[in-house]
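Enquirer: Before I ask anything, let me first share the structure, which is written out below as structure tokens.
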Amino acid sequence: MQCPHYDAGRCRSCTLIEIPRPEQVRDKESHVRELLAGYDDLVWLPPVVGPERGFRNKAKMVVTGTVDDPVLGIVGPPGPYAGQSVDLTDCGLYPAALQASFGPLRELVMRARIQPYDLSPPEAGADGVARRRRVTPRDAARRGELKHVLVTLSPDGELMVRLVLRSTEAVDRIRKHLPWLHEQLPGLAVLSVNVQPAHAAVLEGDEEIVLTERSTLPMRVDGITLHLRPQSFFQTNTGVAAALYRQARAWVDEIGPTSLWDLYCGVGGFALHAAAPGRAVTGIEISAEAVASATTTAAELATLPPGAVVGDHDAAWWRDAVREVRFVAGDATDFALGTGNDPQLVVVNPPRRGIGADLAHRLEDSAVRHVLYSSCRASTLARDLAEMPSLRPRRAVLLDMFPQTSHFEVLVLLERI
């Protein structure tokens with residue numbers, strides 16, 4: 001993959017871009033295979049690979065420049081563009097519909113007079129190139145408001161836009177221009193302001209102010225419509241995420257458990273794909289927002305009109321399938337430690353830190369027959385597996401969720417021996 005920003009030294013985010021894609025995938029699989037080499041009977045499925053361009057459903061844009069000339073992108077990396085405002089609105093990882101949203105959003109910044117955070121007006125250097133003047137944290141905190149623009153694109157072309165601000169100072173002005181923004185972006189479903197007052201390398205704060213009538217973005221995955229709220233987590237690669245859910249569902253259906261926990265369930269992707277008539281599914285998620293979204297999807301599946309088909313099943317099948325599906329807000333480890341009745345199968349999809357020793361030991365000592373472990377960090381996966389010697393990895397698949405980087409997802413099926 002060729003990228004003019006990488007070639008010029010303006011952006012170095014795609015650390016593996018100079019390596020051919022097939023070699024990237026081989027190296028990733030070799031890495032995780034080496035970490036799990038002690039399981040000599042582990043069967044590896046062929047890697048799941050999607051497009052290397054236009055796959056990202058989410059853009060996280062740093063806003064630099066000035067109120068009259070805002071720049072959406074990044075602050076230049078070490079090198080010739082260090083500290084400079086770098087426009088990444090044409091980044092090749094973004095699909096065309098996502099790229100098309102950046103122009104109107106840039107104009108919104110100008111119309112609503114939202115000053116970019118932590119930047120002085122550009123000053124021309126000796127070579128005529130505009131550069132940032134260094135400002136102190138104390139000065140920066142007085143000078144700017146807009147930190148990031150976060151945009152999520154659904155498979156149906158709808159958008160959720162979040163403006164991360166230092167304070168609520170600009171909220172009324174943004175609201176004033178909302179009708180104009182709807183005209184410019186007909187697919188705009190959700191616009192919100194996130195308040196992040198700290199001068200720190202933190203993407204977002206706790207307070208979210210939704211400015212549109214709608215507060216969720218429908219994300220259709222294999223026919224199941226998941227609902228994303230502004231602070232919900234969702235994989236950035238929709239196509240590969242769908243493949244992940246399909247593989248998990250295939251393994252679950254092959255095993256045929258009557259009870260299942262989905263720990264770290266998020267908006268319900270694994271739980272709802274694993275649902276089936278006669279199967280009790282409990283999803284646990286720390287985010288109450290995500291639990292509300294998952295509950296909404298389950299309710300929609302329970303009330304499909306006669307004749308409707310979602311995925312491979314009709315309305316009657318789904319009504320029976322979600323009858324015993326429930327979602328609970330809480331810590332995954334606390335739930336597992338505090339619940340005595342073990343399910344037959346557990347799905348875990350933890351953050352990069354993994355499930356940790358407490359949950360691993362709980363699963364090791366339980367009556368759970370199978371575990372599906374979806375990991376975004378192979379080193380913590382290997383560490384956690386070592387804490388569960390009675391649950392042996394039987395099958396695994398690497399999913400190249402993040403092309404051009406060293407990151408990937410791996411799904412492993414464990415069976416009690």
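The values are calculated or read from the model by the stated rules, or taken from the named source; none is laboratory data. The shown structure was predicted, so the numbers you read here are calculated from the model rather than taken from an experiment. Here the Cβ positions follow ideal geometry from the backbone for every residue, glycine too, while neighbour counts run over all protein chains shown.
Enquirer: Being surrounded by fewer than 23 Cβ atoms within 10 Å (Cβ to Cβ) and under 22 Å from Leu226 (Cβ atoms) is true for just one of Val348, Val397. Which residue is that?
Expert: When all the criteria are applied, what remains is Val397.
Enquirer: Which condition from (1) more than 21 Å from Met61 (Cα to Cα); (2) free of Cβ contacts under 8 Å to residues at least 60 places away in the same chain; (3) of a type in the set (D, E, K, R) is the one that Asp222 breaks?
Expert: The number of the failed condition is (2).
Enquirer: Can you find even one residue in segment 82-89 that is over 25 Å from the mean Cα position of the chain (by Cα), under 29 Å from Gly144 (Cβ atoms) and modelled with pLDDT of 95 or more?
Expert: Taking segment 82-89 as the starting set, the residues that turn out to be over 25 Å from the mean Cα position of the chain (by Cα) are 82-85.
Narrowing the set further to residues that are under 29 Å from Gly144 (Cβ atoms) leaves 82-85.
Okay, now just the ones that are also modelled with pLDDT of 95 or more, so none.
Within segment 82-89, none of the residues are over 25 Å from the mean Cα position of the chain (by Cα), under 29 Å from Gly144 (Cβ atoms) and modelled with pLDDT of 95 or more.
Enquirer: Output the number of residues of segment 318-342 satisfying the condition of being within 20 Å of Gly269 (Cα to Cα), outside any loop (DSSP other than H, G, I, E, B) and within 27 Å of the chain's Cα centre (by Cα).
Expert: Residues flagged as within 20 Å of Gly269 (Cα to Cα), outside any loop (DSSP other than H, G, I, E, B) and within 27 Å of the chain's Cα centre (by Cα) within segment 318-342 amount to 11.
Enquirer: Among the listed residues Asp172, Asp156, Asp222, Asp206, identify the single one that is loosely packed, with under 15 Cβ neighbours inside 10 Å and touching a Lys or Arg at 6+ places or on another chain (Cβ under 9 Å).
Expert: Only one candidate qualifies: Asp156.
Enquirer: In segment 67-80, is there at least one residue being assigned to a loop (DSSP other than H, G, I, E, B), without any contact (Cβ under 8 Å) to a residue 24 or more places away in the chain, of a type outside the set (D, E, K, R) and closer than 26 Å to Leu398 by Cβ?
Expert: No, that holds for no residue.
Enquirer: Something else about it: Between a first residue in segment 163-177 that is closer than 19 Å to Met61 by Cβ and touching a residue at least 60 places away in the same chain (Cβ under 8 Å) and a second residue that is of a type in the set (Gly, Ala, Ser) and surrounded by 13 or more Cβ atoms within 10 Å (Cβ to Cβ), which pairs have beta carbons less than 8 Å apart while being 6 or more apart in sequence or on different chains?
Expert: Ile174/Ala112; His177/Ala112
Enquirer: For segment 316-326, state whether one or more residues are in the same structural domain as Leu372 (by TED's automatic domain parsing) and in contact (Cβ under 8 Å) with a residue 60 or more places away in the chain. Step through it out loud before you land on a result.
Expert: Filtering segment 316-326 down to residues in the same structural domain as Leu372 (by TED's automatic domain parsing) leaves 316-326.
If we keep only those that are in contact (Cβ under 8 Å) with a residue 60 or more places away in the chain as well, we get none.
There is no residue in segment 316-326 that is in the same structural domain as Leu372 (by TED's automatic domain parsing) and in contact (Cβ under 8 Å) with a residue 60 or more places away in the chain.
Enquirer: Hey, among Gln184, Gln247, which residue is farther than 20 Å from Val164 by Cα, touching a residue at least 60 places away in the same chain (Cβ under 8 Å), over 22 Å from the mean Cα position of the chain (by Cα) and surrounded by fewer than 21 Cβ atoms within 10 Å (Cβ to Cβ)? Before the answer, list the steps.
Expert: Working: Gln247 fails: over 22 Å from the mean Cα position of the chain (by Cα).
Testing whether each residue is farther than 20 Å from Val164 by Cα, touching a residue at least 60 places away in the same chain (Cβ under 8 Å), over 22 Å from the mean Cα position of the chain (by Cα) and surrounded by fewer than 21 Cβ atoms within 10 Å (Cβ to Cβ) leaves just Gln184.
Enquirer: Please identify the pairs in which a residue from segment 343-364 that is on the phi > 0 side of the Ramachandran plot has its Cβ atom under 6 Å from the Cβ atom of a residue that is outside any strand (DSSP E or B), counting only partners at least 6 apart or on another chain.
Expert: Listed by first residue and then by second, the contacts come to Gly354/Thr380; Gly354/Asp384.
Enquirer: Considering only segment 12-60, how many residues are in contact with a Gly (Cβ under 6 Å, 6 or more places away or on another chain) and in contact (Cβ under 8 Å) with a residue 60 or more places away in the chain? Outline the logic, then answer.
Expert: Let us first name the residues in segment 12-60 that are in contact with a Gly (Cβ under 6 Å, 6 or more places away or on another chain), namely 50, 53.
Keeping just the survivors that are in contact (Cβ under 8 Å) with a residue 60 or more places away in the chain gives 50.
Number satisfying all stated conditions: 1.
Enquirer: Moving on. Given the condition of a type in the set (D, E, K, R), at pLDDT 95 or above and in a loop (DSSP other than H, G, I, E, B), answer yes or no: does some residue in segment 91-111 qualify?
Expert: Of segment 91-111, the ones of a type in the set (D, E, K, R) are 106-107, 111.
Checking which are at pLDDT 95 or above leaves us with 106-107, 111.
If we keep only those that are in a loop (DSSP other than H, G, I, E, B) too, we end up with none.
The answer is no; no qualifying residue exists.
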